[in-house]
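Notes to accompany the following structure.
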Amino acid sequence: MSRTVLIGSQWGDEGKGKIIDVLTAKMDWVVRYQGGNNAGHTVEVGDQKYVLHLTPSGILREGCKCVIGNGLVVDLVGLMDELVDLVKRGVSIGNRLFISDRAHIVLQYHKELDGAKEGSRDEAEKIGTTKRGIGPAYCDKADRSGLRLGDILEDDFLDRVAAQAKAKNEILVSMGAEPLEIEPFLAEVKEAADYLRPFICDTVPLLHQAVQNDEEILFEGAQGVMLDIDFGTYPYVTSSNTGAGGAPSGSGIPPNAIDRVVGIVKAYTTRVGEGPFPTELHDEMGAHIAKVGHEFGATTGRPRRCGWFDGVVARYSAMVGGIDEWALMKLDVLDAVETIKVCVAYECDGERLETVPASIRKLERCKPIYEEFKGWNTPTTECTCWEDLPEQAQKYIQYLEKLTGVKVSILSVGPKRSSTLLLDR
Ligand code: GDP
Ligand code: IMO
Ligand code: MG
């Protein structure tokens with residue numbers, strides 16, 4: 001039995017939702033452990049497309065139980081709306097969804113503060129957040145003033161929300177933003193709290209029991225290692241530990257219970273929001289990848305910036321993430337590209353760099369050093385095994401493996417479940 005952590009290894013949107021869904025065919029549990037509804041994980045099942053923001057992607061498999069772990073910041077109204085929508089679409093959630101009483105709450109004032117803070121930053125300093133209140137909610141957590149899901153179960157919950165809202169209103173006004181109207185805000189919070197109450201519990205013993213019973217657990221990372229608050233391109237990051245290290249602290253499962261880490265990477269790179277991106281393409285090739293890959297944010301709809309595969313980033317993610325194997329995604333998007341480039345190192349201030357520097361200024365000065373590959377010019381979406389792949393595609397995959405020191409065990413050549421190759425070479 002395995003406890004597997006699945007993490008994004010670039011700047012998010014690698015295709016985590018799809019692979020979680022593929023792997024959950026055999027899983028007993030799927031656990032989200034960090035982030036909030038800044039995430040947008042797409043799963044295509046038959047002709048149905050789901051975009052999950054807070055609900056673990058395992059919810060789409062009847063036999064799978066799902067946990068929203070303590071490491072998340074949960075938008076109460078956002079989660080209620082998401083669940084109502086899933087139920088409307090025929091997904092059962094009763095006795096299958098468990099929300100940690102230790103997870104933190106995101107309310108409207110966090111979102112207003114997120115927007116006001118972004119608005120107050122100079123153009124060059126903007127992070128390009130999703131405006132989902134993620135940063136302000138994690139600020140409250142670290143400040144020890146945050147409200148948690150378990151607080152909903154106490155009689156004074158709405159009084160505490162009202163007190164917080166008044167304090168946040170003062171901050172909003174001082175920033176030149178509109179204050180919240182307290183009464184309608186409280187009514188909305190009450191409705192969401194009432195809806196979510198039956199799902200709230202202590203998820204720690206639940207997961208420990210699952211480990212004791214030797215059940216299969218999949219940890220669903222959100223965002224990607226380059227957006228990690230410690231290891232990412234700080235300050236252009238999100239506010240949580242997106243790597244495998246976040247799984248124990250965000251779920252209560254100890255590190256020694258985890259035995260496999262799968263890193264999700266695209267066959268190229270994308271980024272949404274601001275911040276350095278050494279292999280970014282500003283030309284027709286970037287536009288081609290964006291068009292063929294439908295690279296628009298699943299949460300905000302913003303166009304994603306596109307560029308070549310960055311081997312420095314992938315190697316670094318593999319190192320800090322302890323990645324055992326890759327799920328290589330969206331290979332099909334490169335099907336019609338004549339010449340494919342891969343960044344093997346950076347050149348910075350006359351020096352060759354093999355890893356991602358901590359200094360954002362230095363990273364901004366990094367120029368990618370590329371190797372070039374002849375493309376395969378053949379559709380790959382119908383391929384079902386390694387032997388089906390064009391020789392040039394095989395060579396590209398083998399090159400990425402050599403460059404990063406990590407084998408590709410899963411290959412994705414289309415958004416559907418069926419366009420997935422489990423490579424056993
Ligand atoms: P996540 O946040 O990591 O779950 O990724 P997103 O759902 O935000 O973005 C990935 C997008 O790529 C989604 O629209 C998926 O349906 C799509 N997708 C996933 N795998 C593949 C693939 O192998 N090929 C193509 N063409 N699309 C894919
Ligand atoms: P999934 O799980 C891509 C980015 C935002 C912004 C930065 C900080 O779908 O891969 P935040 O709202 O978290 O304070 O924004 O992080 N970002 C993502 N980019 N995919 C995501 O999630 C993201 N979640 C946050 O665009 O640059
Ligand atoms: Mg996404």
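The values are calculated or read from the model by the stated rules, or taken from the named source; none is laboratory data. What you see is a predicted model, and the numbers here were worked out from it, not measured in a lab. No Cβ is skipped: glycine too gets one built from the backbone with ideal geometry, and neighbour counts run over all protein chains shown. With ligands, DNA and RNA removed, areas are computed over all heavy atoms of the protein, side chains included. Shrake-Rupley method; radii C 1.70, N 1.55, O 1.52, S 1.80 Å.
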Would you be able to say whether some residue in segment 199-219 is within 16 Å of the chain's Cα centre (by Cα) and closer than 30 Å to Ile360 by Cα? yes
What are the residues in segment 154-173 that are among the small types (Gly, Ala, Ser) and open to solvent by 20 Å² or more (accessible area, probe 1.4 Å), if any? Ala163, Ala167
Hits in segment 309-328 - residues which are at pLDDT below 95 and either buried (at least 24 other Cβ atoms within 10 Å of the Cβ) or farther than 24 Å from Ser2 by Cα (or both): Gly321
Of the residues in segment 34-66, those that are aliphatic (A, V, I, L, M) and within 13 Å of ligand 3 (Cβ to nearest atom) number 5
What number of residues within segment 382-425 are crowded, with 16+ Cβ neighbours inside 10 Å, more than 16 Å from ligand 2 (Cβ to nearest atom) and among the small types (Gly, Ala, Ser)? 4
Conditions: (1) buried (at least 20 other Cβ atoms within 10 Å of the Cβ); (2) in contact with a Gly (Cβ under 6 Å, 6 or more places away or on another chain); (3) not hydroxyl-bearing (Ser, Thr, Tyr). Glu338 meets all but one. Number of the miss? (1)
Ile340 vs. criteria farther than 21 Å from Gly17 by Cα and either within 16 Å of ligand 3 (Cβ to nearest atom) or of a type outside the set (Ser, Thr, Tyr) (or both): yes
Checked pairs for segment 93-105, first among the charged types (D, E, K, R), second part of a strand (DSSP E or B), C-beta under 7 Å and 6 or more apart or across chains, list as Arg96/Lys65; Arg96/Cys66; Asp101/Arg148; Asp101/Ile200; Asp101/Cys201; Arg102/Arg148
Kindly indicate whether Glu274 is open to solvent by 10 Å² or more (accessible area, probe 1.4 Å), more than 17 Å from the chain's Cα centre (by Cα), in contact (Cβ under 8 Å) with a residue 12 or more places away in the chain and more than 14 Å from ligand 1 (Cβ to nearest atom). no
Residues Gly40, Gly35: which one is within 13 Å of ligand 2 (Cβ to nearest atom) and surrounded by fewer than 23 Cβ atoms within 10 Å (Cβ to Cβ)? Gly40
Being touching a helix residue (DSSP H, G or I) at 6+ places or on another chain (Cβ under 6 Å), modelled with pLDDT of 95 or more and surrounded by fewer than 23 Cβ atoms within 10 Å (Cβ to Cβ) narrows it down to one of Leu97, Leu76, so name that one. Leu97
Quick one: is Pro357 in contact with a strand residue (DSSP E or B) (Cβ under 9 Å, 6 or more places away or on another chain), assigned by TED's automatic domain parsing to the domain that holds Ile289, in a loop (DSSP other than H, G, I, E, B) and more than 13 Å from Val265 (Cα to Cα)? yes
Identify, please: which residue in segment 1-19 is more than 15 Å from Leu422 (Cβ to Cβ) and touching an Asp or Glu at 6+ places or on another chain (Cβ under 6 Å) and is, among those, nearest to ligand 2 (Cβ to nearest atom)? Gly8
Within the group Asp194, Asp155, Asp159, Asp140, which residue is acidic (Asp, Glu) and touching a residue at least 12 places away in the same chain (Cβ under 8 Å)? Asp140
Hey, Gly35 in the same structural domain as Asp230 (by TED's automatic domain parsing) and touching a residue at least 24 places away in the same chain (Cβ under 8 Å) or not: yes
Quick one: Ala25 ticks every box in (1) buried (at least 24 other Cβ atoms within 10 Å of the Cβ); (2) in contact with a Lys or Arg (Cβ under 7 Å, 6 or more places away or on another chain); (3) of a type in the set (A, V, I, L, M) bar one, so which box is it? (1)
Regarding segment 51-66, can at least one residue be identified that is closer than 30 Å to Thr355 by Cβ and aliphatic (A, V, I, L, M)? no
